[in-house]
Amino acid sequence: MRKYTTRSAKETMMLAGKLASEFTHGGVLALVGKLGAGKTVFVKGLAKGLGIKHLVQSPTFILMNVYPVKKRPFNKLVHVDCYRLDNAQDLHNIGLDEYLRDKKALVAIEWAEKIRSMLPPHTVTVRIETTGKNERRIMMDSF
């Protein structure tokens with residue numbers, strides 16, 4: 001397990017941006033943490049590190065956003081937010097199953113603990129804990 005400490009949202013974004021270079025193929029990231037821990041900030045940094053120019057916002061009310069990725073072995077970042085999810089069927093209805101199997105997709109799921117049974121093997125868990133006003137502890141499974 002890898003452990004990091006960041007002291008601002010900017011540092012969290014920079015860390016995620018650096019980690020983006022380690023994704024040489026698609027996969028699934030399960031982002032876990034309390035409300036306001038920095039899950040969306042982490043995804044914004046990941047997107048920036050992947051060269052995504054679009055404004056990345058949490059898809060809380062629409063559940064999922066898909067962003068094109070260029071110059072990588074995978075071609076899309078799929079950002080999912082399960083915070084307001086009523087049931088996993090909602091994700092089936094919008095096609096998450098297909099993205100979870102898509103080798104050309106990197107899928108980042110906020111509140112992933114709500115859909116634990118849907119997550120494929122080898123999902124990387126990113127646990128974000130608030131340890132101070134702006135300080136975060138970020139723990140990741142190995143790649």
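Considering V80, V107, the condition of being in contact with a helix residue (DSSP H, G or I) (Cβ under 6 Å, 6 or more places away or on another chain) and at pLDDT 90 or above is satisfied by V107 alone.
From the list I128, I109, the lone residue that is in contact with a Gly (Cβ under 7 Å, 6 or more places away or on another chain), of a type in the set (A, V, I, L, M), surrounded by 15 or more Cβ atoms within 10 Å (Cβ to Cβ) and not in a loop (DSSP other than H, G, I, E, B) is I128. Which one is nearest to L96 (Cα to Cα) among residues in the stretch 16-29 that are touching a Ser or Thr at 6+ places or on another chain (Cβ under 9 Å) and surrounded by 21 or more Cβ atoms within 10 Å (Cβ to Cβ)? So the residue we want is V28. Can L77 be described as part of a strand (DSSP E or B), in contact (Cβ under 8 Å) with a residue 40 or more places away in the chain, surrounded by 16 or more Cβ atoms within 10 Å (Cβ to Cβ) and not small (G, A, S)? Here the answer is no, as L77 does not meet what is asked. Filtering the stretch 85-100 to residues that are surrounded by 13 or more Cβ atoms within 10 Å (Cβ to Cβ) and assigned to a loop (DSSP other than H, G, I, E, B) leaves L85, A88, I94, G95. Would you call G36 modelled with pLDDT of 90 or more and part of a helix (DSSP H, G or I)? No. For the stretch 125-143, filtered to residues that are modelled with pLDDT of 95 or more and of a type in the set (A, V, I, L, M, F, W, C), the residue that is nearest to the chain's Cα centre (by Cα) is V126.
All of K70, K103, K53 fail the test of being more than 26 Å from R136 (Cβ to Cβ), in a loop (DSSP other than H, G, I, E, B), more than 13 Å from the chain's Cα centre (by Cα) and free of Cβ contacts under 8 Å to residues at least 60 places away in the same chain, apart from K70.
The values are calculated or read from the model by the stated rules, or taken from the named source; none is laboratory data. All values reported here derive from a predicted model rather than from experimental measurement. Ideal geometry is used to build each Cβ from the backbone, glycine not excepted, and the neighbour counts take in all protein chains shown.
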